[in-house]
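Student: Take this structure, written in structure tokens, and hold onto it; I'll ask about it next.
The values are calculated or read from the model by the stated rules, or taken from the named source; none is laboratory data. Just so it is clear, the model here is predicted, and its values are computed rather than measured. Neighbour counts are summed over all protein chains in view; Cβ atoms, including those assigned to glycine, are modelled from backbone coordinates with ideal geometry. What goes into the accessible areas is simple: the full protein's heavy atoms, side chains included, and nothing from ligands, DNA or RNA. Shrake-Rupley method; radii C 1.70, N 1.55, O 1.52, S 1.80 Å.
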Amino acid sequence: MTDLINGDTLSRDTFNDFGLHVLSKGTVLNDQEISRLFQHQIEYVDIEDRTIEEPVPRTLETTVNPKWLPTVQPIYENAVKSFESLFAQALDDGKVNDAEVTAVLQPLLNNLQLERDVVSMLLLLNTQDDYTYQHSVQVGMLSYYLAAWVGYSNEEALKIGKAGFLHDIGKCRIADEVLNKPGKLTHDEFEEIKKHTVYGHEIILNSVDEPYLAIAALQHHERIDGSGYPHGLEGDAIHPVSKIISVVDVYSAMISQRVYQQKRDLLYVLKELYRLSFKELDPFTTQTFIKHMIPNFIGKRVELATGESGIIVMTHPIEFFQPLVQIGDRFIDLTIEREYEIKHVYL
């Protein structure tokens, strides 16, 4: 089992010790299938002869130009540039053209349906420039994913992606020197920043006939414990779509180098979201996001606090941050061997 690699093909049906059928003959193995075999404690499988050289486990270091990048990158960059003009339009006219928003967002979301590795995708596309515009595009992308993960249909998820795309449109009315201030905001400046939620609500109501898009802009800084703004709403008083956008808004901000001068470890960011899910962010929505993001770490190289380096081969459906790690020919289950801790994930 430890010798299996992505691309191996099963030459016969595979069953576990209880006789349960796990994988069929002809299955081409990838990270998820290999993890499934580990989960069923299957030690040996029969595979067809390999005809290609064994690949290196996929990381950002070894996959500098993944197959989707030439397609998605220009669409992403176009969306970022187009959002700048939407900002200007919102400031000048007090509204945005709904057809233009759809024309910018639809190609991006259509291509997103083909790419599962959201973690690597956002890191590869992310740059330090145009933070406000990039952040809006990223929140739109992630809102689409999270909406699907919590159970919305694809059609509804596309609309929620649009809500995420427009969530910060009210910032067009905030002075640049306040919006982009590198230092700490004064009390008055922060009060002005907070108004972007109200401004966005007004602009979207003037632009589209879908009220929850405007509500999402108004409420994406509300927190379930009542500590948010602009109205200090609590719990179920916050719209479900607003809860989705709140989670991805925080995530996108945290992975940005604008917020933290040094790049934060992605596992740290998800742990911080998990902590917030017990007080400020909706628990179901946040933990659904984490549950679906964590499997993207399978195949990634990690450094443990001991200094040892290994590969994540399986993640846990409940204990999100305690995966199965392979170090050489050893397997360390962090749900059991609690003294081990992941220090860094190499993406």
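Student: How many percent of the accessible area of the chain is carbon or sulfur, using a 1.4 Å probe?
Tutor: 49 percent
Student: Count the net charge of all other residues whose Cβ sits under 12 Å from the Cβ of Ile204, scoring Lys and Arg as +1 and Asp and Glu as -1.
Tutor: Once all neighbours under 12 Å are counted, the net charge is -3.
Student: Can I ask one more? Suppose we flag trypsin sites (Lys or Arg not before Pro) only when DSSP calls them loop and at most 16 other Cβ atoms lie within 10 Å. Which is the longest uninterrupted stretch of the chain?
Tutor: Within the chain, the longest run free of exposed trypsin sites (Lys or Arg not before Pro) spans 117-183.
Student: Here's a follow-up. Report for the chain the percent antiparallel among DSSP-assigned beta bridges with both residues inside it, nearest 5.
Tutor: Percentage antiparallel, nearest 5: 100.
Student: How are the alpha carbon pair distances in the stretch 259-321 distributed across 5 Å bins from zero to the largest one, expressed in percent?
Tutor: Pairs per bin, as whole percents: 4, 16, 23, 24, 18, 12, 4, 0.
Student: What's the local net charge at Ser85, with K and R +1, D and E -1, over the other residues with C-beta under 11 Å away?
Tutor: Counting the neighbours of Ser85, the net charge comes to -2.
Student: Compute the acute angle (0 to 90°) between the alpha-carbon long axis of helix 98-112 and the principal axis of greatest extent of the alpha-carbon atoms of the chain; round to the nearest 10°.
Tutor: Around 10 degrees separate the two axes.
Student: In nm, to one decimal, how far is the Asp176 label point from the Ile5 one, both placed 7 Å along Cα→Cβ?
Tutor: Reported label-point gap for Asp176 and Ile5 is 5.2 nm.
Student: Cut-off under 16 Å on the C-alpha distance; same-chain residues fewer than 8 positions from Lys184 excluded. Which lysines are left, in chain and number order?
Tutor: Lys194
Student: Right, here's the next one. On the full set of protein chains, 1.4 Å probe, figure out the accessible area of Glu84 and give it in Å² to the nearest 10.
Tutor: So the heavy atoms of Glu84 present about 90 Å² to solvent.
Student: Now for a different question. How high is the relative contact order of the chain, in percent, counting Cα pairs under 8 Å that sit 6 or more residues apart?
Tutor: 13 percent
Student: Please report, in debye to the nearest 20, how large the charge dipole of the chain is about its Cα centre when each Lys and Arg carries +1 at its beta carbon and each Asp and Glu carries -1 there.
Tutor: With Lys and Arg at +1 and Asp and Glu at -1, about 300 debye.
Student: Leaving out ligands and nucleic acids, note down the accessible area per residue over the chain with a 1.4 angstrom probe, in whole Å².
Tutor: Each residue of the chain exposes 50 Å² on average to a 1.4 Å probe.
Student: Here's something else I'd like to know. In the full protein assembly as shown, how much of His239 is accessible to a 1.4 Å probe, in Å² to the nearest 10?
Tutor: Counting only protein heavy atoms, the figure is 60 Å².
Student: Something else now. With all protein chains present, calculate the accessible area of Asp98 using a 1.4 Å probe and round the result to the nearest 10 Å².
Tutor: Roll a 1.4 Å probe over it and Asp98 shows about 50 Å².
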